[in-house]
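> One structure follows; several queries about it will come next.
The values are calculated or read from the model by the stated rules, or taken from the named source; none is laboratory data. Quantities reported herein were computed from a predicted structural model and do not represent experimental measurements. Please note: Cβ atoms are built from the backbone with ideal geometry, for glycine as well, and neighbour counts cover all protein chains shown.
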């Protein structure tokens, strides 16, 4: 466990901290790649209505995320300001996740739609209650510049492992659809119950075993609006927000468009889960590879390089548009997905670590710890970027003349390839360029940390 100064956090403690992310990764990715199909094809809810529900959820996120971040920052309960919220999240996550995937068989369409809408909004709100305090806790567990990368690296490994497990469920659901709806409902219910039990158990275990740093508690924020303003006025945070948003708009393509690309360009729809898995596995297992490199070359420079590699990997797949052989296309996508996933492992490891350094910079200026407010801002950026990609995809395909479950025209395929390949390339390169302007380096962080430690000792 860390001491008051935040030095040395054991691998065992990193394991305990990161393990609940398995459930978050599983639930989030399954929602991203399957819930829309489930709603339209199984529940028979109109696609426009489903799209509207998800749009409303993104608008609600703009209110919900910062609110949870602020409340977490100012909480003074005996269990701690972060662990208390992790504990609170267990019941609503379980209830709303089951609501989404196991609705009652209403004969009235409006009642089913309302049930589904409440389930979606409730689920994402509940996950915010878990994710924002959990990320904030990770930033507080150690103040060591490189130790933070290890903590978030372990968390990323577990999150990605959960995402990979969701692909197994996804494959089984798609297969079950070929039988009857009742069979599919039973399989989904069984998987949902298991997911809820495992996620709840891991959160409880983490809450029980971890301890929060006492020197970060009892720092009441004076004004919630001031906290949000401080995030934007922090020049390092502002640069990260812009860079991360642009990069994530592009990289959201893997969740939004992989199924379309697999079916309509590659011509092998059943390979879609394998494509995503080939992205996730190197992302998870590359964490030990990136950690020593971040020490040698610096976290920021390594993140710039990895973001560039992500963009180039996506961009290279554009050439499958001009390849006729299906097997060649599959191999091409698998190789590109591997390198994109490898690069993603770096960004998901050092990115939150750098964000934690930015929070130290803010504390040195304001005297307040605002991990919740900061990670809420970044959480919203991640969600908003995915929403932008969904909106862009919908309008682009509509204008190109997309027709579902049919052979597409070259124009439609070209739009799909552009959105999936060239657009992420452009976004990643812009994000990488912006990161070259980021000036909060290891030496400056060390000076800030020493100043904060002196303040803490005097208090």
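> Here are some conditions: (1) surrounded by 15 or more Cβ atoms within 10 Å (Cβ to Cβ); (2) touching a residue at least 12 places away in the same chain (Cβ under 8 Å). Residue 56 meets all but one. Which one does it not meet?
(1)
> Condition test on residue 326, is it more than 19 Å from residue 163 (Cα to Cα) and either surrounded by 23 or more Cβ atoms within 10 Å (Cβ to Cβ) or touching a residue at least 60 places away in the same chain (Cβ under 8 Å) (or both)?
Against the criterion (more than 19 Å from residue 163 (Cα to Cα) and either surrounded by 23 or more Cβ atoms within 10 Å (Cβ to Cβ) or touching a residue at least 60 places away in the same chain (Cβ under 8 Å) (or both)), residue 326 qualifies.
> Continuing with this model, one more query. Starting from residues that are in contact with a helix residue (DSSP H, G or I) (Cβ under 6 Å, 6 or more places away or on another chain) and surrounded by 14 or more Cβ atoms within 10 Å (Cβ to Cβ), keep the ones in segment 182-191 and report whichever is farthest from residue 283 (Cα to Cα).
184
> Are there any pairs, at least 6 apart or on different chains, whose C-beta atoms fall under 6 Å, with the first in segment 243-269 and touching a residue at least 60 places away in the same chain (Cβ under 8 Å) and on the phi > 0 side of the Ramachandran plot and the second surrounded by fewer than 23 Cβ atoms within 10 Å (Cβ to Cβ) and part of a helix (DSSP H, G or I), and if so, which?
267/326
> Which one of these is under 21 Å from the mean Cα position of the chain (by Cα), over 27 Å from residue 232 (Cα atoms) and surrounded by fewer than 21 Cβ atoms within 10 Å (Cβ to Cβ): 338, 414?
Going through 338, 414 in turn, the sole match is 338.
> Let me ask another. Tell me, which residue of segment 382-394 that is more than 10 Å from the chain's Cα centre (by Cα) and modelled with pLDDT of 80 or more is nearest to residue 71 (Cα to Cα)?
Among those that are more than 10 Å from the chain's Cα centre (by Cα) and modelled with pLDDT of 80 or more, it is 384.
> If only one of 435, 403, 397, 422 is buried (at least 19 other Cβ atoms within 10 Å of the Cβ) and either under 24 Å from the mean Cα position of the chain (by Cα) or farther than 30 Å from residue 241 by Cβ (or both), which one is it?
Only one candidate qualifies: 435.
> For the condition part of a helix (DSSP H, G or I), buried (at least 21 other Cβ atoms within 10 Å of the Cβ), in contact with a helix residue (DSSP H, G or I) (Cβ under 9 Å, 6 or more places away or on another chain) and modelled with pLDDT of 95 or more, what is the one hit in 89, 163, 72? Steps first, please.
Values: 163 fails: modelled with pLDDT of 95 or more; 72 fails: modelled with pLDDT of 95 or more.
The conditions single out 89.
Okay, residues lined up against (1) under 28 Å from residue 342 (Cβ atoms); (2) in contact (Cβ under 8 Å) with a residue 12 or more places away in the chain; (3) over 16 Å from the mean Cα position of the chain (by Cα):
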| site | (1), (2), (3) |
| --- | --- |
| 117 | no, yes, yes |
| 120 | no, yes, yes |
| 129 | no, yes, no |
| 141 | yes, yes, yes |
| 145 | yes, yes, yes |
| 149 | yes, yes, yes |
| 152 | yes, yes, no |
| 175 | no, no, yes |
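> Would you confirm whether or not segment 271-284 contains a residue that is at pLDDT below 90, farther than 30 Å from residue 404 by Cα, under 21 Å from the mean Cα position of the chain (by Cα) and crowded, with 18+ Cβ neighbours inside 10 Å?
yes
> Could we say that residue 136 is within 25 Å of residue 278 (Cβ to Cβ), under 22 Å from the mean Cα position of the chain (by Cα) and modelled with pLDDT of 85 or more here?
So residue 136 does not fit the description; no.
> Can you work out which of the residues in segment 75-86 that are part of a loop (DSSP other than H, G, I, E, B) and surrounded by fewer than 23 Cβ atoms within 10 Å (Cβ to Cβ) is nearest to the chain's Cα centre (by Cα)? Step through it out loud before you land on a result.
Step one: list which residues in segment 75-86 are part of a loop (DSSP other than H, G, I, E, B), which gives 75-82.
So of that shortlist, the ones also surrounded by fewer than 23 Cβ atoms within 10 Å (Cβ to Cβ) come out as 75-79.
Values: 75: 25, 76: 28, 77: 28, 78: 29, 79: 26 Å.
Ranking the qualifying residues of segment 75-86, first place goes to 75.
> Being part of a loop (DSSP other than H, G, I, E, B) and surrounded by fewer than 19 Cβ atoms within 10 Å (Cβ to Cβ) is the filter; apply it to segment 8-42 and report the residue that is farthest from the chain's Cα centre (by Cα). So that I can check it myself, show each step before the final result.
Just the residues of segment 8-42 that are part of a loop (DSSP other than H, G, I, E, B), to begin with: 8-10, 19-20.
Of the ones still in play, those that are also surrounded by fewer than 19 Cβ atoms within 10 Å (Cβ to Cβ) are 8, 10.
Numbers: 8: 26, 10: 25 Å.
By that ranking, first place goes to 8.
> Related question: Take residue 356 and decide whether it is touching a residue at least 60 places away in the same chain (Cβ under 8 Å), buried (at least 24 other Cβ atoms within 10 Å of the Cβ), within 19 Å of the chain's Cα centre (by Cα) and farther than 30 Å from residue 443 by Cα.
no
> I'm checking my understanding of the structure. Among residues of segment 229-251 that are crowded, with 18+ Cβ neighbours inside 10 Å and at pLDDT below 85, which one is farthest from residue 68 (Cα to Cα)? It would help to see each step written out before you state the result.
The first filter runs over segment 229-251 and keeps only residues crowded, with 18+ Cβ neighbours inside 10 Å, leaving 230-231, 234, 236-237, 240-241, 243-251.
So of that shortlist, the ones also at pLDDT below 85 come out as 230-231.
Numbers: 230: 17, 231: 15 Å.
Only one residue fits best here, namely 230.
> Which of (1) in contact with a helix residue (DSSP H, G or I) (Cβ under 6 Å, 6 or more places away or on another chain); (2) surrounded by fewer than 21 Cβ atoms within 10 Å (Cβ to Cβ); (3) within 30 Å of residue 16 (Cβ to Cβ) does residue 205 not meet, given it meets every other one?
(1)
> Of all residues in segment 92-114, which are without any contact (Cβ under 8 Å) to a residue 60 or more places away in the chain and closer than 11 Å to residue 130 by Cβ?
Taking segment 92-114 first, the residues without any contact (Cβ under 8 Å) to a residue 60 or more places away in the chain are 92, 95-96, 99, 104-108, 110-111, 114.
Listed by number, the list holds a single entry, 92.
> Among the residues of segment 208-216, are any under 30 Å from residue 166 (Cα atoms), surrounded by 17 or more Cβ atoms within 10 Å (Cβ to Cβ) and at pLDDT 70 or above?
So far as segment 208-216 goes, yes, one or more of its residues are under 30 Å from residue 166 (Cα atoms), surrounded by 17 or more Cβ atoms within 10 Å (Cβ to Cβ) and at pLDDT 70 or above.
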